[in-house]
Structures are given as C-alpha cells and as structure tokens.
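See structure below.
The values are calculated or read from the model by the stated rules, or taken from the named source; none is laboratory data. Computed from a prediction, not measured in an experiment: that's the story for all the values here. Methodologically, a virtual Cβ is constructed for each residue, glycine included, from the backbone with ideal geometry; neighbour enumeration extends over all protein chains shown. What goes into the accessible areas is simple: the full protein's heavy atoms, side chains included, and nothing from ligands, DNA or RNA. Shrake-Rupley method; radii C 1.70, N 1.55, O 1.52, S 1.80 Å.
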Amino acid sequence: MKNLRPKYHKFLTMLFGVVLFSCIESFDTTFVDFESVLVVEAIITDIPKFQKINVSRSYEFNAEPIPELNANVSVVDSDGNIYLFADSGNGSYISMESFGVEQGIQYQLLLSTSDGNRYRSDAEQLQVGNAKILNVDAKRMVNEKGEDGIVILVDSFDPMGNSKNYRFEYEETYHIIAPLWSPLELAPVNDEGCEMRLVPNISNEQNCFPTSLSKDILLTSTEYLSQDRVENFQIRFINRNDYIISHRYSILVRQLIQSDQAFEFYNILLELSSSESLLSQVQPGFLQGNIFSVDNSEEHVLGLFDLNTIDEERIFFNYNDFYPEEELPPFLDPCIGTAPPIESANRCLVRTLIESGAGIYAGSSGPDLVPGPYRIVPRICGDCKVLGPAEPPNFWIEG
C-alpha cells in the first residue's frame, strides 16, 4: 500500500528552492550550490497519543527530502516535563510516551542533529478553541466541472467564538474486491520444470481495505463571520467513476484548530501551491515558521512547530446508497488477460509470471486467448492485498 505523506512536507522543499533563486532573471534548473535545508514537520495535538515528528533535509532543488537520522528530538513544557522522541527510521520520530498538549501550558521543540547542530522552536501555547464537528455528510452532486460524484461536507461550531482558524485533514478507507479473484491458484508440479497444476486458493486475497491520507491543504476561517460556525465546508469530492467507492467507503474527518501564525503559514502554502506557476518572477520572501537554528541565525529552517486542538468524526457509505442498481466504477486496472505458453525457448513462462508476482491465475484459457491453457492477469486483478491489508480495520462497520 502506498504511503502518502502530507502534501506540504515535500512542497516546502520545492518552495525554498524557488524563493532562493527567484531573483535570478534567467532561470537555471541546475543549482550547484543549493543550500542544505532542514525540513521539520511537527504537529502535536491535544489528543493523548504517541506523537510524531518528521525531520528531513533537502540538498537539491525539487528533490525528495532525505530523512534526517539519529537526531535528538524532544518537547519540553513550562511545567518542566520533557517528552523524548525516538528515531523510528525514515526521518520519523515517535514520542516515547503518550501525551497531549494542554491549554495554558507552553511547549517548545528542541532538536539537535547527528552533526551537532541545534535547533529550537518558539514557545507555543494551544489555541483556545472549543469547536466541535456537528456533522459530516456525504451527498451526490455535480461539481463545477460537470462531474457527477460524492461530496463530503462538514459542519462545525464553537459557541464561545474562540476557534476561528480551521484546518481539516482526512483518512479514507475503502473496501476493494479483486474483480478476478479465483478460488483456485497455480502451483508448480515439482521443484524443477515448468509444469503447473491447480490447487485450492486458501489465502484471503479477494478483499482488502486500503487507507489513504489527505494531501491537500484544507483551510477555512470564521474571523469575519457573525458566528464561529463552519457550514457545508467541502472536504473531498470523489468522482462516481473512482474505484475507491465501488463497494463500501469510510472517511475520518479531522478538524484542527490553529493559532493565527500557523493558519497564516498554511494559507501561504495553499496560495503558492495553487498558483499557476511557482516559477513566476514575483515571489514572496522566505516562508518563515517558528523553528530556528540555535547556532547560526542565518540558516534557513523549513517547517512549523504546530499545536492543535483536535476533533474527529467518521462516516460510512456504500456505492448503491447513491447509485442504486447502477454499474460499478471501472476497476483500477483493465485486467486484460493473456494465455502464455507453459514454456518457450527452454524458459518457463507461466511459472515465472506466477512466482515473480507479475501475474495471477484467473481461469482457464478461452478461444480468444492462445496458446496456453491458463488465463493470466495482472496480480492486482486477483490479489487485492497488492492495494492494502486483507483484514478490515478495528473501526470497520459493515452495512
């Protein structure tokens, strides 16, 4: 299953390269002296859990960040508590104990890299806000592009009027059924040779439950409204032909209440990421967060130490809730089958396809498929575990 990182983590790196060199009239895509930039993604919430901080470094313009390994990462608070984070690999640091930030207490990020460079954030407090999600709804609609699909909308309200700055994320999980799963599978007749035989397929490969994370920056503000109320804010639009809603779909909507500084930081990212060209001649100054180098005031650091009040709500729906008795969306792969010969030129063709994982048995060959006896399709068409785990998650509810 593909791991989808938050959108701004990669975008920050590209943004820095654009801003750094935007003063050059003739744009050169080769930057020999690109500055090494520390990229920090530190989103800490009020929900007690093992918090996560991502640390990486960029050495080239528009390149994938390189994980920063063996750093010392901690969060300290004004009550004297120290929360240590352990390196879990790939630039991710997980708190060694479960905790959540609390209102009225200041928190600060401290970080030192393996080469001895030290960094810290400003001391931050949790934004005072009590907004709760009132409703998450799924509706069928035709969007401004004329596409028929399902829109996910959220309503929220803070009766005290303190929240104002809202950012939303989501996690979507969907039930996928492999369209050409077979109760039989191919196995070699013996350790050597090309002959194959059909045996019962005892693995759970027909159903899977992939999960994807939101990548877009979803912001809204009630600053200039008469009430601190969010109504019908669009979280997601899913085209009716998207295979992820073919059967049963679930989305967890997460609401984050942000400080003015954090909201402005994400708003700038949103504006830049949606601009027609990041390489335009007019660029803003370096995007300043609240994380700095202790040893070198001239060093740039990309990222934000962000404290958030969280509220969440999950909904489920089935495709036939909105499209009863209509044809399901097309599968991710067209699943065009072939029937290769068992062997050719002293090479085992079918066995190689099966054992390499490139193909999977989907039935006997028909008159339209020659010359082999078995219909072989891409593995994704008969083995759903290519997309995600076979076991439904603990929160899954059939309906």
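What to note about this one:
- Positions within segment 252-265 being more than 13 Å from SER214 (Cβ to Cβ) and open to solvent by less than 10 Å² (accessible area, probe 1.4 Å), in sequence order: ILE257, GLN258, ALA262, PHE265
- Residues that are modelled with pLDDT of 95 or more and open to solvent by 70 Å² or more (accessible area, probe 1.4 Å), drawn from segment 47-60: PRO48, LYS49, PHE50, LYS52
- In segment 240-272, the residues that are closer than 14 Å to ASN318 by Cβ and either aliphatic (A, V, I, L, M) or free of Cβ contacts under 8 Å to residues at least 60 places away in the same chain (or both): ILE244, ILE245, ILE251
- For segment 78-94, residues that are over 12 Å from VAL55 (Cβ atoms) and open to solvent by less than 20 Å² (accessible area, probe 1.4 Å) total 0.
- Enumeration of residues in segment 133-147 that are open to solvent by less than 30 Å² (accessible area, probe 1.4 Å) and not polar (S, T, N, Q): ILE133, VAL136, ALA138
- Pair list, Cβ < 7 Å and 6+ apart or interchain, from segment 200-213 residues that are without any contact (Cβ under 8 Å) to a residue 60 or more places away in the chain to residues that are buried (at least 17 other Cβ atoms within 10 Å of the Cβ): ASN201/SER182; ASN201/GLU185
- Residue check, ASN130 open to solvent by 20 Å² or more (accessible area, probe 1.4 Å) and farther than 30 Å from SER259 by Cα: no
- Scanning segment 253-262 for residues that are part of a strand (DSSP E or B) and not β-branched (Val, Ile, Thr) yields ARG254, GLN255, LEU256.
- Pairing each residue of segment 61-76 that is outside any loop (DSSP other than H, G, I, E, B) and open to solvent by 40 Å² or more (accessible area, probe 1.4 Å) with any residue that is modelled with pLDDT of 95 or more and among the hydrophobic types (A, V, I, L, M, F, W, C), provided the two are 6+ apart or on different chains, yields C-beta distances under 9 Å for PRO67/VAL55; ASN72/LEU84; ASN72/PHE85; ASN72/LEU110; ASN72/LEU111.
- Restricting the search to helices (runs of 4 or more DSSP H) fully inside segment 293-399 and requiring at least 2 residues that are under 30 Å from the mean Cα position of the chain (by Cα) gives 319-322, 379-382.
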